[in-house]
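Notes follow the structure.
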Amino acid sequence: MRTVRIIYLLSVFILAHSCKQKSEDKINPDFIDFENKLIENGFSGVVLVAKNDSLVYHKAYGKKNSQPNQFNDLNTVFDICSLTKQFTGAGIMKLVMQNKLALDDRLSKYFDAVPHDKKNITIHQLLTHSSGLTDVVGDDYETITEAAFLNKVFATKLISTVGMDHHYSNIGYSLLALIIEKVSGTNYESFLNFEIFKPLKMNHTGYVIPDWDTNEIANGFLNGTESIKPNERNWSEQGPYLNLKGNGGLLSTAGDLLIWSKAIKANLILDEKSTSTYLYPHISEYLDGNSYYGYGWVIENNDLDDKLVWHNGGSDTFASDMWIYPKKGITIIVLSNKAEEYVYSITKEISNIVLTK
């Protein structure tokens, strides 16, 4: 699932629908102008802001689907797109903690018939997008077997020297999902559910394991055209096929993602050493040297004596953004079921509000 910063379009006005709890009827005065702008621009989704683990702002806007009175609420489930990668990275680090794999393990340890140019690609290089692999080898919803997927991946031409440069590769994270399955002996989602989601009571995160109430999952929209729910698209019984599995497509709520943010900061799933490796700025994304990639996260320097840990995501019908300022204890989450939403501008505006208080 490609991380994207999609051009923000002003769209048809949709009245915001906030949750039914009385607490959500009270607007934080710092956010009045921000909220008015969201409503004016017809934003559809959920915005969550937390500071020191306390909610500062948590509201829902727009329509869950096109049926009457179907509004997004605080428990609406969204396709979180490339935010999935942070869970794949955490899954790999969990296996490292369990001494079941090493970050310098090579592809040839886990897959047969790896061609010479790719056999020395390491798990670390897959995690940091420094493998030299191309981005995608097919449509997210293409029916494809593991053998066919691997054949396509191994037949591609490397776009850079292995280990040298950062080139975003979704297929690299799908390979990581396969490695998780091979090492753990269970499927990718089951492993994440057992090691992360279930212990943290993230009951609304996953592909097919959660007992989804169909009505709680948002339909996606693109320029006013409604799509079916993400889990009603061409998935297998275990969730997405390999063009998407591990790199995108997980479903979740803003509330569950806040639980995850707290767990990262408190070392509840990964120990302190593993968390440090997980969030380390391993490789520069761009020549300016300000933006680096960790293991499913982007790490940026800023002017506020605090690094910014973030990732975004986008599909043909959803958009997502998650920012964490670790030292300041701030988490910002924006999930939208309108693909054209320029969620970065929303998250950036929230950041400007909370960092000046």
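Observations
- Unsatisfied cross-links (Cα-Cα over 31 Å) in the set LYS64/LYS198; LYS245/LYS328; LYS100/LYS201: LYS245/LYS328
- Point-charge dipole on Cβ atoms (K/R +1, D/E -1) for the chain, about Cα centre, debye to 20: 540
- Distance between the 7 Å Cα→Cβ label points at GLU40 and SER345: 1.2 nm.
- Rounded tilt (10° steps) of 343-355 against the dominant C-alpha axis of the chain: 70
- On Cα atoms only, tilt of 254-265 relative to the major axis of the chain in degrees: 60
- Label zone at SER66 (point 7 Å along Cα-to-Cβ), backbone N below 16 Å, segment 194-232: 218-230
- The value given for segment 190-283 is a Kirkwood hydrodynamic radius of 15.1 Å, derived from the mean inverse Cα-Cα separation.
- Neighbour-count order for MET93, MET164, MET322, fewest beta carbons within 10 angstrom listed first: MET164, MET93, MET322
- Sequence of GLU35, GLU272 once ranked by neighbouring C-beta atoms within 10 Å, starting from the fewest: GLU272, GLU35
- Ascending count of other beta-carbon atoms within 10 Å, so fewest first, for ASP211, ASP256, ASP165: ASP211, ASP165, ASP256
- Cross-link reach list, aspartates and glutamates versus LYS338, counting only Cα pairs under 14 Å and skipping chain neighbours closer than eight places: ASP79, GLU226, ASP316, ASP321
- With Cα atoms, 0 to 90° folded angle of helix 146-155 axis to the chain main axis: 70
- Aspartates and glutamates with Cα under 15 Å of LYS51, excluding same-chain neighbours fewer than 8 positions away: ASP30, ASP306
Read-outs: derived from the displayed coordinates by stated rules, not from any lab. These numbers were taken from a predicted model, which means no experiment stands behind them. Note that we place each Cβ from the backbone using ideal geometry, even for glycine, and neighbour counts take in every protein chain shown.
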